[in-house]
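*Asks:* Dropping the structure in here first, questions after.
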Amino acid sequence: MIEAISEEECTAALLRELRWGREVKKSFEQIRENDAAIDAKKAIGHQAIPGLGKLALVVPAYEWFTIREKYGAECWRDKQFIRDFQRLEPSMAANKV
């Protein structure tokens, strides 16, 4: 037998689910950013790769695509954009542009 729940109970359950999903997403973002920061620290001072240059940033794919969608594909080729990103996210900066 299915028990009917009130609209208030349903709303409360939905809010709990939304909060939990937001917390999980935030924790995954933090894990990805921590991993990127570790990789960026390892790359500090590495020599440039012929034809490619030096590694400037380590950005998790999710954030990379989100920023690309927001600012356009060419944002990652703009040196001033990279400098600004390095200033805002110093933990992901490997080498100065």
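The values are calculated or read from the model by the stated rules, or taken from the named source; none is laboratory data. In this text, all values refer to a predicted model and were calculated from it rather than measured experimentally. For neighbour counting, all protein chains shown are included, and Cβ atoms are generated from backbone atoms with ideal geometry for every residue, glycine included.
*Asks:* Name the single residue that is farthest from Glu89 (Cα to Cα) among those in the range 14-30 being free of Cβ contacts under 8 Å to residues at least 12 places away in the same chain and surrounded by 11 or more Cβ atoms within 10 Å (Cβ to Cβ).
*Replies:* Going through the qualifying residues, I end up with Lys25.
*Asks:* Looking at this structure, is Ala61 surrounded by fewer than 13 Cβ atoms within 10 Å (Cβ to Cβ), among the hydrophobic types (A, V, I, L, M, F, W, C), within 16 Å of Asp35 (Cα to Cα) and within 16 Å of the chain's Cα centre (by Cα)?
*Replies:* For Ala61, the condition - surrounded by fewer than 13 Cβ atoms within 10 Å (Cβ to Cβ), among the hydrophobic types (A, V, I, L, M, F, W, C), within 16 Å of Asp35 (Cα to Cα) and within 16 Å of the chain's Cα centre (by Cα) - is met.
*Asks:* Quick test for you: out of Ile44, Ile49, pick the one residue that is closer than 20 Å to Leu88 by Cα and modelled with pLDDT under 85.
*Replies:* Ile44
*Asks:* Scan the range 77-97 residue by residue and report those that are at pLDDT below 90, surrounded by 14 or more Cβ atoms within 10 Å (Cβ to Cβ) and either part of a helix (DSSP H, G or I) or touching a Phe, Trp or Tyr at 6+ places or on another chain (Cβ under 9 Å) (or both).
*Replies:* Met92, Ala93
*Asks:* Further, regarding this structure: Return the residues of the range 1-36 that are farther than 30 Å from Leu57 by Cβ and in contact with a helix residue (DSSP H, G or I) (Cβ under 9 Å, 6 or more places away or on another chain); say none if nothing qualifies.
*Replies:* Within the range 1-36, Ile5 is the sole residue that qualifies.
*Asks:* For the condition at pLDDT 85 or above, over 21 Å from Ala93 (Cα atoms) and of a type in the set (S, T, N, Q), what is the one hit in Thr66, Thr11?
*Replies:* Of the residues listed, the single one that is at pLDDT 85 or above, over 21 Å from Ala93 (Cα atoms) and of a type in the set (S, T, N, Q) is Thr11.
*Asks:* For the range 54-76, enumerate the residues that are part of a loop (DSSP other than H, G, I, E, B) and not aliphatic (A, V, I, L, M).
*Replies:* Result: Lys54, Pro60, Gly72.
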